[in-house]
Every structure is written in C-alpha cells, then in structure tokens.
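Down below is the structure, laid out as structure tokens.
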Amino acid sequence: MNANTSRQSPAGEEDSTLLSRTARDLPPGRHQFHKERLMAQIHQEQRTTAPVPAPAPAPAPARAWWLRLPRPAVTLPVTAAVVAASVVAAVVTSGGDRDRGVATGPVLTTPIGAASTKGVPQLLDRISLAAADASHPEVGPGQFVYVESRTAGTFLKTVDDRTTLAGHALHRRQVWRSADGTEGWLIDPAVNDDAEGETLSLPDERGDTPEAYLNGPSYDYLSRLTTDPDALLAKIYKETEGHGNSPDQEAFTTIGDLLGESYPPAELYSALFRTAARIPGVVVVQDAVDAVGRSGVAVARLDETSGQREEWIFDRKTYVFLGERTVQVEKRSGEEALIKPGTVTFTSAVIERAVVDAIKQTP
C-alpha cells in the first residue's frame, strides 16, 4: 500500500481502493484474512442496495500496518464503513465524538512551506553523515525494538450522506517488535479501544507466519539488506512494483516508513538517506513542524496523483529525525475539495526509540 492516495474511486473500483488502503493497517500476514471477511460483508451490503460491479483486480501486497497509520482521507458509504470499522483505524464513522478510543480533534492545518530542489543532495549527505555517527545498538535474539510516537490526522467523515472534514486528536502510540519479527505488541487508541493494546505476534489468525519483506520488515531482515544506495534503490523499485501512485513516490514512502517505526542498523540507516537522494522529485522544505511542535527542515516529495506532499522532518542542527507529516498541497475536486491546501492529513513525532528486553517494557 501504497495506499497513500486520497483519490475517490469511481463506481466499480471502490472495493479495490478500500482494500489497498486497509491492507497497510493490518499486521503482517493478517491482511488477507481480514480482506476476505471485509469483501464478503461489503459485497453482501451491495447486493441489498445496488447491482454488484465487476470485480476489481486484487491490490498489490501492502506494507505492514504497524509501520504506518492510515494516511489518506477516505470516504465510504456509512454502511460499508461500519463493516470496515474493525480493521480500519481512521475512516468513516457513524457518529459520536470518539473514534476507536481517540478523541476527535480540530482539523489540522499548516502554512505550505516553499519547496526547492536546490541543496537536496547536500542536505541528505549531511543527514547521512549524522546518522552514521549516531549510536545504533544492535538488537539481539529475545530483544525488541520499541518505538513511541505521537500521531494525529485529518480525515473525511460521512454521517447520513453528509461528508465533513474531521480530525483525530494527538495521541500516544507504542510499538514493540522482536528482532525476528515474530513477536510484537501495539498500543494505539486509534487502532484498538483496549488500553492494553493488541498482539502483533505470529502466526496470524490463519496460522501463517509470513516472511519479513521491505514493507513489513524485521530488524533481522534489515540487517541483511545491502547498504549500497544504487543496489538498495533497485531492490526497493523491484519489490514495490505495482504499489502506490508511482514507482518514485512508493520508493520515497518505503524509505520514510523505515525511518518512522523501525530501528535500522547503523550502516543501513545512513545508506537510506543516500538512497533517497537518488529518487527523482525529492525536494527540501525549509520550514516544517512535527506532531509535537518541533520545528525543523524537511526532505519531501509531492505525490502528483493525490496532491499531497510527504515530509520527513529533521532537527536543523543535529539532523536527527524528528517525525513526518503529509500536507495537502494541491486543490482537489468533488468531496475531496474539503481537504483544502494546507490540511495536514497525517503527522507524527518520534518520542523514543530503543532496544528493550520484553514486550511492554519501556526504556
């Protein structure tokens, strides 16, 4: 997935688009199980209200949901949204002032910072050098990567055929993943109402234990990746073929996911920035703010299909990764015109990244 698009699908494509967006929000190996259940329920609803459209082609395999929260503003019929509520973290709701345990907050907006291609290689080179100098502990057997962040977002909400723009308030998100990727835990009220969170451990409900991959990596998987920028970029393009709105945007998003909720080994972490410098369309935004208000400089890319710009935000002096956000830059049409330029559809801030010895243990 990449499902990082806010396009409204024409009739006959809605199921495919919904599933591509939903897939990244399911644990590795679980999206197929939930996809089949979701499709069956939505098709049953469609049979009672309208002719069933021709089946759409299956979406490409998507990134693991624990790596990234849903980004796009999504619209669905209310009845379909109720069906999908158990597997979609932030889509359409049927009313009320809370969505999956997260208070509804104000719509997030920001001034649109000017973007320039000038200085992109130099900035990414400085970020890469700073990353190489940073301390990156190794994750051993039986240990867990722990990432704590603050996230918020804006989405289209439809109630009784009326669509409005709504926001999820800033909230805490905690993720634990074992070195081999087979054990994990998530606490995020935007995903699960249970304050204790939910397991990400394998096998999944179907008894499957999927192997790690670029969009659902484990630390052990990342430790085996090449650190040669050209070879790494070629691998990203090959493995994400058919995802997202364009190969270049999907490559940029894939690297961004690894910055946000994983702990790449030191050499790979440094190589990711040199790799990003080779993606066409990457720009610098001098003024960007993460989810907790920290100001920095951003490395960004505009998704020409959705009109949204994905921004990775770094401290101006230390070049430490602070967080990321997605900003609507271009005007949209139809219901999506509600998502005006300057709307922040997703924002996050990394608060803590560490290696711990047990699930639910914090540094």
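Say we look at the stretch 177-207 and pick out the residues that are under 28 Å from Arg224 (Cα atoms) and among the hydrophobic types (A, V, I, L, M, F, W, C); which of these is surrounded by the most Cβ atoms within 10 Å (Cβ to Cβ)?
Leu200
Inside the stretch 236-291, can you point out the residues that are in contact with a helix residue (DSSP H, G or I) (Cβ under 8 Å, 6 or more places away or on another chain), hydroxyl-bearing (Ser, Thr, Tyr) and open to solvent by less than 40 Å² (accessible area, probe 1.4 Å)?
Thr240, Thr254, Ser262, Tyr263, Tyr269, Ser270, Thr275 - these are the residues of the stretch 236-291 that are in contact with a helix residue (DSSP H, G or I) (Cβ under 8 Å, 6 or more places away or on another chain), hydroxyl-bearing (Ser, Thr, Tyr) and open to solvent by less than 40 Å² (accessible area, probe 1.4 Å).
Can we say Leu170 is open to solvent by 60 Å² or more (accessible area, probe 1.4 Å), under 22 Å from the mean Cα position of the chain (by Cα) and among the hydrophobic types (A, V, I, L, M, F, W, C)? Step through it out loud before you land on a result.
Working: open to solvent by 60 Å² or more (accessible area, probe 1.4 Å): yes; under 22 Å from the mean Cα position of the chain (by Cα): yes; among the hydrophobic types (A, V, I, L, M, F, W, C): yes.
The answer is yes for Leu170.
Somewhere in the stretch 96-106, is a residue modelled with pLDDT under 95, among the basic types (Lys, Arg) and either more than 20 Å from Leu302 (Cβ to Cβ) or in contact with a Gly (Cβ under 7 Å, 6 or more places away or on another chain) (or both)?
First pass over the stretch 96-106, keeping only residues modelled with pLDDT under 95: 96-106.
Then keep just the ones that are among the basic types (Lys, Arg); that gives 98, 100.
Of the ones still in play, those that are also either more than 20 Å from Leu302 (Cβ to Cβ) or in contact with a Gly (Cβ under 7 Å, 6 or more places away or on another chain) (or both) are 98, 100.
Within the stretch 96-106, one or more residues are modelled with pLDDT under 95, among the basic types (Lys, Arg) and either more than 20 Å from Leu302 (Cβ to Cβ) or in contact with a Gly (Cβ under 7 Å, 6 or more places away or on another chain) (or both).
For the stretch 298-321, name all the residues that are part of a strand (DSSP E or B) and open to solvent by less than 10 Å² (accessible area, probe 1.4 Å).
The answer is Ala298, Val299, Ala300, Asp303, Gln308, Glu310, Glu311, Trp312, Ile313, Phe314.
Within the stretch 230-247, identify whether any single residue is at pLDDT 95 or above, over 29 Å from Gly184 (Cα atoms), in contact with a Gly (Cβ under 6 Å, 6 or more places away or on another chain) and not in a loop (DSSP other than H, G, I, E, B), and answer yes or no.
Within the stretch 230-247, none of the residues are at pLDDT 95 or above, over 29 Å from Gly184 (Cα atoms), in contact with a Gly (Cβ under 6 Å, 6 or more places away or on another chain) and not in a loop (DSSP other than H, G, I, E, B).
Restricting attention to strands (runs of 3 or more DSSP E) lying wholly within the stretch 97-187, give those where 3 or more residues are within 15 Å of Glu261 (Cα to Cα) and free of Cβ contacts under 8 Å to residues at least 12 places away in the same chain. Talk me through it step by step, then tell me what you get.
On the way: elements: 102-105, 144-159, 162-178, 184-187.
Qualifying strands (runs of 3 or more DSSP E): none found.
Does the stretch 104-142 hold any residues that are open to solvent by less than 50 Å² (accessible area, probe 1.4 Å) and under 30 Å from Ala358 (Cα atoms), and which are they?
Scanning the stretch 104-142 gives Ala130, Ala131, Ala134, His136, Val139, Gly140.
Would you check if there is a residue in the stretch 322-343 being closer than 30 Å to Gly197 by Cα, touching a Leu at 6+ places or on another chain (Cβ under 6 Å) and in a strand (DSSP E or B)?
To start, the set of residues in the stretch 322-343 that are closer than 30 Å to Gly197 by Cα comprises 322-327, 343.
Going one step further and asking which of them are touching a Leu at 6+ places or on another chain (Cβ under 6 Å), we end up with none.
For the stretch 322-343, residues closer than 30 Å to Gly197 by Cα, touching a Leu at 6+ places or on another chain (Cβ under 6 Å) and in a strand (DSSP E or B): absent.
The values are calculated or read from the model by the stated rules, or taken from the named source; none is laboratory data. Just so it is clear, the structure is predicted and the values come from calculations on it, not from any experiment. Every residue, glycine as well, gets a Cβ built from its backbone with ideal geometry; the counts of neighbours run over all protein chains shown. Just so you know, the surface numbers come from the protein's heavy atoms only, side chains and all, with ligands and any DNA or RNA stripped out. Shrake-Rupley method; radii C 1.70, N 1.55, O 1.52, S 1.80 Å.
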